[in-house]
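Engineer: Have a look at this one before I ask anything.
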Amino acid sequence: MAVQQVAGYVQNDGNFCQLDLKDRDFDGPLMRIETFRCSQPTGKFGVTGAGTHVKYLAGLDHLTPTSNRTFRHIFSVQDKNKTKVTLEIRGVYDESGSWEIRVRDLDPESDSFGRVLIAKVKPKGEAAYHLRYEIRQQPNVKRTLVSSPLSARIMEIVSELSDIGAPLEKLGAIDPNFAANPLDGELHWGSDYYEVNTFFDDFVDNFQQKHFSTWARNFQVYTRFGDFRDKCIHPGTNLVGPNRQLASEYLIIRAYRDSLILGGRVFDPEMAKGGFFNVWESEDPLSIDPKPGVYAPFLSAYILDIGMYQLGIDKVHSDYGGIPMALAPGSKLETGISPIVDSTRANQVLAELAVLFYQPQLSQLFGVTGMARELQEV
């Protein structure tokens, strides 16, 4: 087990604000995610262990009326004695189950520096999903090294960039250098793997081109960071306990899973090859890297209807009743209060998309609801 946790820090609600991993056996680079719910107040627990203040990371989203359901992240890797930010990420949901994920390329060595992917999903009834993926580019952006910890808001460090939480038109025009941009259409429960691939193929091909390959490769590092696999069965009970080499299963429900699920389908061709069935049927199963640890928690919680997992994911997404959190703290998991914003449908949608994107055979075997009962009967 080469990749180990080397640091972990929490907010006052017990959720993570920073996690550092490193492959010590092969002297790999440090990988770091810093993450805040945008309702996190400033103060002692509003600073990551590295030193990034929530007001810098959350930017325009900090303590706004929607801050309780908006999450901001930066992902960094160690590069020449500096911890270089490669990705800036924003995720927001609403009670209808809709999601919007934004992923910005911040690697100064990337030809696509400053571009941002916007991925949107809106459920239509219980068995259809409207999806839109688009890439926008702001003009005349100067490549700039952004380091962890952040010394200011990213829009202040890279003055040509708008805040990633700004209205879409502020993020530039839809980039004409990408084919099939925007990708816009519907997928339905029961769509087979061929239909899903056909939907994404032209858009995904963009990330195989040399000009955009660094952005894709950085996201692939991010998906590997997020795929804990065997880590989740080790006996660590929390990520800040006495043994920092052990990662707990609780990490896998962190709020950045939404970006991994929606982004992995276009950035990571190995992950997009699919999960269990493709590995089972492949002549070379070890060549397929579907990263099940990214999405398996949502399948377990909402497809198999495991209540304890649902509570854990609910704590991450709809935990606090106060908007902003500082006004009315309280946890549905810990105190039984009803959150102002309920994430149940949004979490179900992530599970359903995980099936369609990575395990489409399951959507043909079982209905979109009642899968747990049908599996028990089988």
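The values are calculated or read from the model by the stated rules, or taken from the named source; none is laboratory data. Being a predicted model, the structure only gives us computed values, none of them experimental. Using ideal geometry, Cβ is built from the backbone for each residue, glycine included, and neighbour counts are taken over all protein chains shown.
Engineer: Quick one: is Ser96 under 16 Å from the mean Cα position of the chain (by Cα) and among the polar types (S, T, N, Q)?
Structural biologist: Working: under 16 Å from the mean Cα position of the chain (by Cα): no; among the polar types (S, T, N, Q): yes.
No.
Engineer: Determine the pairs where a residue that is closer than 16 Å to Leu262 by Cβ and surrounded by 19 or more Cβ atoms within 10 Å (Cβ to Cβ), located within the range 214-230, has a partner that is aromatic (Phe, Trp, Tyr) and modelled with pLDDT of 95 or more with Cβ atoms under 6 Å apart, the partner being 6 or more residues away or on another chain.
Structural biologist: Listed by first residue and then by second, the contacts come to Ala216/Phe267; Phe219/Phe267; Tyr222/Phe75.
Engineer: Still on this structure, I have one more. Any residue at all in the range 83-95 that's assigned to a loop (DSSP other than H, G, I, E, B) and at pLDDT 95 or above? Explain how you work it out, then say what you get.
Structural biologist: In the first step, residues of the range 83-95 are kept if they are assigned to a loop (DSSP other than H, G, I, E, B); the result is 94-95.
Pick out the ones that are also at pLDDT 95 or above and you get none.
No.
Engineer: Further question on the same structure: So which residues in the range 145-156 are part of a helix (DSSP H, G or I) and in contact with a Leu (Cβ under 7 Å, 6 or more places away or on another chain), if there are any at all?
Structural biologist: Hits for the range 145-156 are Ile154, Met155.
Engineer: Conditions first: (1) surrounded by 24 or more Cβ atoms within 10 Å (Cβ to Cβ); (2) closer than 30 Å to Pro176 by Cα; (3) in contact with a Leu (Cβ under 9 Å, 6 or more places away or on another chain); (4) of a type in the set (A, V, I, L, M, F, W, C). Ala58 passes all but one, so which condition is the exception?
Structural biologist: (3)
Engineer: Give the residues of the range 133-144 that are surrounded by 15 or more Cβ atoms within 10 Å (Cβ to Cβ) and either in contact (Cβ under 8 Å) with a residue 40 or more places away in the chain or outside any strand (DSSP E or B) (or both), sorted by residue number.
Structural biologist: Matches in the range 133-144: Tyr133, Glu134, Ile135, Gln137, Gln138, Val141, Thr144.
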